[in-house]
Structure formats: structure tokens, C-alpha cells
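No value in this document is a laboratory result; all are computed from the given coordinates. This structure is a prediction, so every number in the text was calculated from the model and none was measured. FYI the Cβ positions are ideal-geometry reconstructions off the backbone, even for glycines, and counts take in every protein chain you see.
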Amino acid sequence: MSSIGFVGLGIMGGPMAGHLVKAGHDVTGYDHSDAAVERLTAAGGIAGTNAVETVRGKDIVITMLPQDEHVESVFADVLEHAAPGTLYIDFSTITPRTSEWTATEGAKKGLRVLDAPVSGGEPGAVNGTLSIMVGGAREDFDSAREVFEAVGKTIALVGPNGAGQVVKAANQLVVGGTYALVAEAILLMENLGANAEAGLDVLAGGLAGSKILELKRKSMLERSFQPGFRIDLHHKDMGIILAAARQAEVAIPIGALTAQLIAAARAMGHGSLDHSALLLVTEALSGKGQA
Ligand code: NAD
């Protein structure tokens, strides 16, 4: 069993840290939110007083933070205060470039660094069934298995440092684009006299079928957009995707269009709704609905 310092105990990090406690690890957690730290101590974890104390002297340091700048800031403390040999796992969704930077700078201090973004949302975090896409060295991946298996089900090493973020970007590209097309399909059916509910059932069972149609068709038809995964976070992810495409010198026109639709959803005030609320943008473009 390991001593673990965990920074970022939000929607995802909170339950993930709880699973590590349950697996028998000594988990010290820190978050700007006192309530988040209290939830971890109630689950048997230890309260960290600040990021420095949380990352100092641990076998493993974990971050689960919103964006690049948060990871950069906490990683500066890791660089300064974690001992050589410490395994650093970042579960956040950030740019591949920042993950590569943590690996390069970490290696200079003898740290072992993995980027390990996740998919599966809050239910995946709560149930310990996340999919985890990992970038880094095979031996570091192998020594992180006890952590990954405590929080996830589908766990894959997908390449060198940064590759986990690249795969996560690909995931968010497909998810965003699929929502946009499902929204258009709903509008088409609803406005040409077809039974959209029966129609979506057929789509879900055929070649057009997807996890999104399986899980979200009912709530989209009902215009129920409780998050889930917020438009604001998907907007951040579309920025990561476009930057990655530029870095790779790859054109992603459908991705660029999807990014604009998600930006529009945000501009229309839907940032805190679930990303399936892209339907509201599609409706507004045709003068339908109430968005
Ligand atoms: P969240 O906002 O609920 O949690 C982030 C936490 O980090 C907050 O509690 C905040 O107080 C804390 N924090 C920020 N900066 C800090 C700092 N410097 N020191 C200490 N604490 C700090 O976000 P989340 O939904 O848990 O998402 C975290 C990451 O996981 C994001 O990159 C997101 O894109 C990704 N992700 C989220 C989901 C989802 O469904 N929510 C799914 C997959 C991936």
C-alpha cells in the first residue's frame, strides 16, 4: 500500500480519492474547497493543509484539476517538494503539450510522470469504472496499476507522455461531433412529422447507433440537460483539440465546426448545462425551440 497525495477533489477527484482510501492506501487530499477536503476525511482520508504538504514525502502524487494553468501551478510544487522516484499521475484533461512539459521537467528531478485522462463522467468516478488512457513509460504504467485499478475498468497505455491527452482529445472530438449530429437528426424528425422517439430507437439499433444515442436520446427529446459534463468543460476540451490539430498540422473541419457550436452554446448562456444541450443551438439556428 502506498502513501498518496491527491490534489483536486472535485466532481471527479473526490470519488476517485475515496476509492483509493477504500483500496487501503494512505490518502492525503487537498482542494481549495474545504467542503471537498471534508468529504475525503469523512471517507477515511487525511486532510492536506496545502498543496506543498500534500505532495511532500509521498510515494505517489495525483492531480485531478480543471485546466492547464491549475496543473502547471500544482506541478511547480511537485517539482520542488516531491522526492526523486515519486510517481506523478495527472488525471486532468489538459493539452498534450503541458503533459509533455511535466514529463520533461519531472525527469530532470527524477520524477516518474504519467498523463492519465479519464472518460466515463461522474458515474464512472463514483462507481470506479472509468476508462483511463495513459501516456508514459511502460514501467511507470505498470507501477501505477494499483491506482488505476482502484478507479477504473478499461485501462490502456496508449503511447509516450502526452499520448493519453491526445487520445482524450480524440474522444472529446467524437463525443462533441456526435451530439451535434444527433441534435440535427432530432430536429429533422420532429419537424417533418416523424415520431422522433420511435425514430431514435431505430437509429440506436442500427449502424448510426452509439453510446450517446443509447444513454442520452430520452433526455435530449425531453430537453432535460442536467450535467453530466458541462458545456463549459467541453468548450475547454475543444480548445485543446484545435491546438492539438494545429500542432499535428492536421485539418479537422468537422471538429472546428463542432467547436463553434459549443462556443455558441456557451455564448447563449448554456455553459453550465450538459453538453447534450447542443440541441438548443441547433434549434436556435432554425428559429425553433425557446433557446
Ligand atoms: P471540478 O471543477 O469539479 O473539480 C476540480 C477541483 O479542483 C475543484 O474542487 C477545485 O476547487 C480544485 N482546484 C482547482 N485548482 C486547485 C488548486 N490549485 N489547488 C487545489 N485544488 C484546486 O472538475 P471535475 O469535473 O472534477 O473535472 C476535473 C478534470 O477532469 C477536468 O480536466 C475535466 O475536463 C476532466 N473530466 C471531467 C469529467 C466530468 O464528467 N466531470 C469527465 C472526464 C474528465
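Here are the numbers:
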read-out	value
Region 1-148: C-alpha gyration tensor shape, a/c 1.5 cut-off, then a/b vs b/c	rounded
Taking the chain and dividing mean pair separation by its residue count, relative contact order in percent (alpha carbons under 8 Å, at least six apart)	13
Between region 94-115 and region 116-179, the alpha-carbon center distance in angstrom	16
15 Å cut-off, amide nitrogen to a point 7 angstrom out along residue 97 Cα→Cβ, residues in region 149-172	162, 166
Cβ-placed point charges (K, R +1; D, E -1), dipole of the chain about Cα centre in debye, nearest 20	380
Only Lys, Arg (+1) and Asp, Glu (-1) charged, at Cβ; region 73-132 dipole about Cα centre in debye	180
Peptide ranges 93-103, 2-12, 135-145 listed from the most packed, as the mean C-beta count within 10 angstrom indicates	2-12, 93-103, 135-145
Length released on extending from residue 249 to residue 42, taking residue separation times 0.36 nm less the Cα-Cα span	69.7 nm
DSSP-defined beta bridges in region 35-167 - what % are antiparallel, rounded to 5	20
Antiparallel bridge percentage (DSSP; both residues within region 103-208; nearest 5)	35
FRET E, pair residue 143, residue 122, Förster distance 22 Å, beta-carbon r, rounded to 0.05	0.20
Label zone at residue 50, where the point sits 7 Å out along the Cα-to-Cβ direction: region 6-43 residues whose backbone N lies under 17 Å	6-8, 29-34
Cα-based shape type of region 201-280, given that a ≥ b ≥ c are square roots of the gyration tensor eigenvalues and the cut on a/c is 1.5	oblate
Estimated distance in nm for a label pair at residue 184 and residue 201, the labels positioned 7 Å out from Cα along Cα-to-Cβ	2.6
Cβ-based charge dipole, the chain, positive-most Cα from 44, 210, 265	210
15 Å cut-off, amide nitrogen to a point 7 angstrom out along residue 129 Cα→Cβ, residues in region 139-173	151-155
Share antiparallel - DSSP beta bridges, the chain, percent rounded to 5	15
Table column - 3J(HN,Hα) (Hz), region 183-197, Karplus curve with 6.51, -1.76, 1.60, x for Gly and Pro	4, 5, 4, 4, 4, 4, 5, 5, 9, 10, x, 8, 7, 5, 5
Length released on extending from residue 104 to residue 226, taking residue separation times 0.36 nm less the Cα-Cα span	40.0 nm
Helix 68-81 axis, angle to the chain major axis (alpha carbon atoms, nearest 10°)	10
Net charge over other residues, Cβ less than 11 angstrom from the Cβ of residue 81 (K, R count +1; D, E count -1)	0
Residues of type aspartates and glutamates that residue 288 reaches as a straight line, Cα spacing below 13 Å, ignoring anything fewer than 8 places off in the same chain	184, 190
Computed helical MRE - 222 nm, the chain, DSSP H runs ≥ 4 contributing -39500 (n - 2.57), nearest 500	-17000 deg cm²/dmol
